[in-house]
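Computed from the coordinates by the stated procedures, all read-outs in this text should not be read as laboratory data. As the structure is a computational prediction, the values presented were derived from the model and not from experiment. Every residue, glycine among them, receives a Cβ derived from its backbone with ideal geometry; neighbour counts consider all protein chains shown.
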Amino acid sequence: MNRVQITVNGQTLVGNSHQHLLEQLEHAGLAPEYQCRNGVCGACRCKLDNGSVDQKDAMAYLSAGEILTCQSTPLSDVELTFDYQLVTRAKAVNE
Ligand code: FES
């Protein structure tokens, strides 16, 4: 497992190169939008401003430079931009 830096809407997190970005953002306490978690709906899309990802089974429509966070694993440090403000979930004690 390689450690990578994930910068999302200007906030930098420490991530890894083996989990999908959506899961990693959720583990960091962020709440990006999603529906299917299967590469179909497109709800989890964001812009990949820098870096590279391994993206599997993306059936949703994507514009140039966009990725599906539910299907993408970082291959390097990445910079992501969501076109909305990400909500931060409060973590429960002992989580
Ligand atoms: S959550 Fe549906 S494509 Fe990612």
Computed lengthening from Tyr84 to Ala64, 0.36 nm per intervening residue step minus Cα-Cα distance: 5.4 nm
Taking the chain as a Gaussian network, where each spring joins two C-alpha atoms under 10 Å apart, which residue of Leu62, Leu22, Leu48 fluctuates the most? Leu62
Ascending count of other beta-carbon atoms within 10 Å, so fewest first, for Arg45, Arg89: Arg89, Arg45
Relative contact order (percent) for the chain, with alpha-carbon contacts under 8 angstrom and 6 or more residues of separation? 34
Does the range 3-85 come out rounded, prolate or oblate by the C-alpha gyration tensor, with a ≥ b ≥ c the root eigenvalues, rounded set by a/c under 1.5 and, if not, prolate when a/b is larger than b/c and oblate if not? rounded
Among Leu75, Leu25, Leu68, Leu30, what is the fewest-to-most ranking by other Cβ atoms within 10 Å? Leu75, Leu30, Leu25, Leu68
Kindly state, to the nearest 0.05, the FRET efficiency for Thr12 paired with Gln35, given R0 = 22 Å and r defined as their beta-carbon distance. 0.25
Asserting the computed 222 nm helical MRE of the chain (DSSP H runs at least 4 long, -39500 (n - 2.57) per run, divided by residue count, to nearest 500) equals -2000 deg cm²/dmol
